[in-house]
Amino acid sequence: MQFTQVVGQSMAKERLVTMFKDNKLSHAVMLCEKPGYGALPLVLSFISYMLCPNRSANDSCGSCPVCNRTGKMIHPDIHFVMPVNTTKTISSDKKPVSDTFLQEWREVIIKDPYFTEQDWYNKIGIENKVGNIGVNEANLIIKKMGLMSYEGGDKFMFVWLPEKMNQEAANKLLKFIEEPSEGTYIFMITHAPEKIIPTILSRCQIVRIPPIGLDELSGELMEEFDLSGDEATFFARISGGSLVRARELMFDTQIMQQHDIQLGSLLEGCASKDLSKVIEFWEEISATNRDNQKMFLEYALEFVRMALMLSKGLPEIANVPPSKMKQLLYWSEKLKPSFYGKAYDILNQALEDVSRNVNSKYIFADLGNRFFLSL
Ligand SMILES: [Zn+2]
């Protein structure tokens, strides 16, 4: 894989390349991201770059025999670890480990390196269970990494979602992560660093991957889905910089419609001073899962931003998709100028609270009341 296949993330890419060139790359690197920011293609491109004998200053060559092997995920010195579980065909007596599903892993990445944890579970057929990284896997890692490099160069251990590691496996790996053998690199990509035991985290060089930049993400969406600029920008914004979330939102128009209705009834309830509508809103939204609540809040933030731009007579930077123009014009005329700033603070506070696992009913009751008083 090459850096050109990564959407945006030029700063993160440059940081990794510079660390490597300046000999400042640690042997255990933990990349922290939210799903869909692109750490997986970024790291795979980086490993290809490190291994390619013909690399340029900024990327692997993409065509030499080594690049051919890294591109097909069949380079013998790159070992993959990801959460797995038993399936219909692989029962617990077969002790499933990552290697059991290596073929599926290659297929899913080659098809599209932007996928979710759930996509992975669907691919290997463990839909209703969660994957994990167990002690069998940890033993295997230690064994494999103790072997000589097949091609005589560096060896790589790529761990996707180390937060799925159980305590026993993590303890086994501690020493290995602390003192990897010469020429060994461990790259781990986490979506939940707070769930990783601190003794592992503290032994890693931490690299935080930011959301994909707005321009790069909307450019990608325009190309992928043949969208207009305004539509692409809209989805890029409400996705919070995640390519997988943007795609989800585009395909799942039901979620969007639901959020539209909920936001509409909240605003209507506040504008007409009908408290029962507001209560109905917060009871409904607080009963959904955290992911949905976050999506709703991001959607609401974008809605408020677009309405503000329209109210200031700036449609050229409001980036309103045609399908939403009527509704937004209506609200941009109806909302008080003082409302926007307050709404922005209230929604951001709620987003923070959702991430901190504050009680949902409390968050949305508070949001409803504050909207009611502000509008
Ligand atoms: Zn090459």
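The values are calculated or read from the model by the stated rules, or taken from the named source; none is laboratory data. As the structure is a prediction and not an experimental result, all values here were calculated from the model. Note that we place each Cβ from the backbone using ideal geometry, even for glycine, and neighbour counts take in every protein chain shown.
Looking only at residues in region 38-66 that are touching a Leu at 6+ places or on another chain (Cβ under 8 Å) and farther than 28 Å from Gly240 by Cα, the one that is surrounded by the fewest Cβ atoms within 10 Å (Cβ to Cβ) is Val66.
Residue selection: Glu168 satisfies the criterion of being touching a helix residue (DSSP H, G or I) at 6+ places or on another chain (Cβ under 9 Å) and either outside any helix (DSSP H, G or I) or of a type in the set (D, E, K, R) (or both).
The residues of region 128-163 that are at pLDDT below 95 and either among the basic types (Lys, Arg) or on the phi > 0 side of the Ramachandran plot (or both), listed by number, are Lys129, Lys143, Lys144, Gly152.
Quick check on region 213-221. Is at least one of its residues modelled with pLDDT of 95 or more and under 19 Å from Ile141 (Cβ atoms)? Looking through region 213-221, none of the residues is modelled with pLDDT of 95 or more and under 19 Å from Ile141 (Cβ atoms).
For region 1-27, a residue qualifies if it is surrounded by fewer than 19 Cβ atoms within 10 Å (Cβ to Cβ) and within 16 Å of the ligand (Cβ to nearest atom), and the qualifying residues are Thr4, Gln5, Phe20. With respect to the stated conditions, Gly213 fails to be surrounded by fewer than 20 Cβ atoms within 10 Å (Cβ to Cβ) and more than 24 Å from Asp291 (Cβ to Cβ). Among residues of region 253-272 that are surrounded by fewer than 19 Cβ atoms within 10 Å (Cβ to Cβ), those with a beta-carbon under 9 Å from a residue that is of a type in the set (A, V, I, L, M) and outside any helix (DSSP H, G or I) at least six positions away or on a different chain give the pairs Ala271/Leu335; Ala271/Leu375. Pairs linking a residue in region 126-155 that is under 14 Å from Asp99 (Cα atoms) to a residue that is basic (Lys, Arg) and part of a loop (DSSP other than H, G, I, E, B), with Cβ atoms under 6 Å and 6 or more positions apart or on different chains, are Asn136/Lys95.
Screening the candidates Lys143, Lys129 for the property of being among the basic types (Lys, Arg), part of a helix (DSSP H, G or I), out of contact with any Lys or Arg (no Cβ under 8 Å at 6 or more places or on another chain) and surrounded by fewer than 14 Cβ atoms within 10 Å (Cβ to Cβ) yields one hit, Lys143. With respect to (1) away from the ligand (no atom under 14 Å from the Cβ); (2) within 18 Å of the chain's Cα centre (by Cα), the lone exception for Leu44 is condition (1). Residues in region 208-223: is at least one in contact with a strand residue (DSSP E or B) (Cβ under 7 Å, 6 or more places away or on another chain) and either touching a residue at least 12 places away in the same chain (Cβ under 8 Å) or not in a helix (DSSP H, G or I) (or both)? Checked against the condition, which is being in contact with a strand residue (DSSP E or B) (Cβ under 7 Å, 6 or more places away or on another chain) and either touching a residue at least 12 places away in the same chain (Cβ under 8 Å) or not in a helix (DSSP H, G or I) (or both), region 208-223 yields at least one hit.
Looking across region 110-121, just one residue is of a type in the set (S, T, N, Q) and part of a loop (DSSP other than H, G, I, E, B), and that is Thr116. From the list Met82, Met73, Met30, the one residue that fits, being more than 12 Å from the ligand (Cβ to nearest atom) and surrounded by fewer than 23 Cβ atoms within 10 Å (Cβ to Cβ), is Met73. Summed over region 240-259, residues that are at pLDDT 90 or above and either outside any helix (DSSP H, G or I) or assigned by TED's automatic domain parsing to the domain that holds Gly36 (or both) total 2. Beta carbons closer than 7 Å, at least 6 apart along the sequence or on distinct chains, pair a first residue in region 53-68 that is under 22 Å from Ala12 (Cα atoms) and of a type in the set (Gly, Ala, Ser) with a second that is outside any loop (DSSP other than H, G, I, E, B) and near the ligand (Cβ under 6 Å from one of its atoms) for Ser60/Cys67.
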